[in-house]
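Everything on this sheet refers to the single structure shown next.
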Amino acid sequence: MFYPGKVLKLAPADSREDKRKMVRESFQYHFRKKYAKSFVVSSIPSTINEKVDLKCKQCGQVTIRRAESIVKGTFSGNCAYCCLHDSKKTENPRKKLKNILSKNFIVDYLSSGDQRIKQTIIKCKCGYHLAASYNRIINKSIRQQCPKCGRDVFKNGK
């Protein structure tokens, strides 16, 4: 209801171009802040729902994301291709076992037969062979010492 003496002021309506300019500025700010180290953007979006092509600087693969995920920060910032094919994450099982076992034990045999039953045999310096599954050794759920001589199986007695 309108009362005499009070003037009702309406805010000027933002034009469509002003809104697009705000979205572009917001996108550029958030992209530079969080994702510019890993990706190159092909074009700046004009709406929040527009899809953007992001090219990975490391591998060159193109990832498609919505501008909204970059502005809100819900995009993880990791290239899916690099995550799957990262050589650092896929460590050789034999090297992994050597890092876990103490210097008194060596990996004698790593079976590649039946996928359900993968037995790994580790050998103590005293000559005793200890058989366990690869997962049990990685999770350190086998005995802590050699049953014959009592030497610690894992590094630092862990």
Take the stretch 44-81 and flag every residue that is among the basic types (Lys, Arg) and either open to solvent by 90 Å² or more (accessible area, probe 1.4 Å) or farther than 30 Å from SER15 by Cβ (or both). LYS51, LYS55, LYS57, ARG66, LYS72
Residue under question is CYS124, and the condition is that it be at pLDDT 75 or above, in contact with a Lys or Arg (Cβ under 8 Å, 6 or more places away or on another chain) and either over 30 Å from CYS56 (Cβ atoms) or of a type in the set (Phe, Trp, Tyr) (or both); does it hold? yes
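Could you list all residues from the stretch 54-68 that are β-branched (Val, Ile, Thr) and either under 15 Å from LYS34 (Cβ atoms) or in contact with a helix residue (DSSP H, G or I) (Cβ under 6 Å, 6 or more places away or on another chain) (or both)? I'd like the intermediate steps shown before the answer.
First, pick out the residues of the stretch 54-68 that are β-branched (Val, Ile, Thr): 62-64.
Of everything in the stretch 54-68, just one residue is β-branched (Val, Ile, Thr) and either under 15 Å from LYS34 (Cβ atoms) or in contact with a helix residue (DSSP H, G or I) (Cβ under 6 Å, 6 or more places away or on another chain) (or both), namely THR63.
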Every pair of residues 6+ apart whose Cβ atoms lie under 6 Å, when the first sits in the stretch 72-83 and is assigned to a helix (DSSP H, G or I) while the second is open to solvent by 30 Å² or more (accessible area, probe 1.4 Å) and at pLDDT 85 or above: TYR81/CYS59; TYR81/GLN61; CYS82/GLN58; CYS82/CYS59
Is it the case that the stretch 89-97 has a residue that's in contact with a strand residue (DSSP E or B) (Cβ under 7 Å, 6 or more places away or on another chain), at pLDDT below 90 and open to solvent by 100 Å² or more (accessible area, probe 1.4 Å)? no
Out of the residues in the stretch 132-158 meeting the condition of being surrounded by fewer than 12 Cβ atoms within 10 Å (Cβ to Cβ) and of a type in the set (Gly, Ala, Ser), tell me which one is modelled with the lowest pLDDT. GLY157
For the stretch 22-69, give me the residue count where each residue is assigned to a helix (DSSP H, G or I) and either of a type outside the set (Gly, Ala, Ser) or in contact (Cβ under 8 Å) with a residue 12 or more places away in the chain (or both). 16
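The values are calculated or read from the model by the stated rules, or taken from the named source; none is laboratory data. Everything numeric here is computed off the predicted structure, so don't read it as measured data. Ideal geometry is used to build each Cβ from the backbone, glycine not excepted, and the neighbour counts take in all protein chains shown. Accessible surface areas use protein heavy atoms only, side chains included; no ligands, DNA or RNA. Shrake-Rupley method; radii C 1.70, N 1.55, O 1.52, S 1.80 Å.
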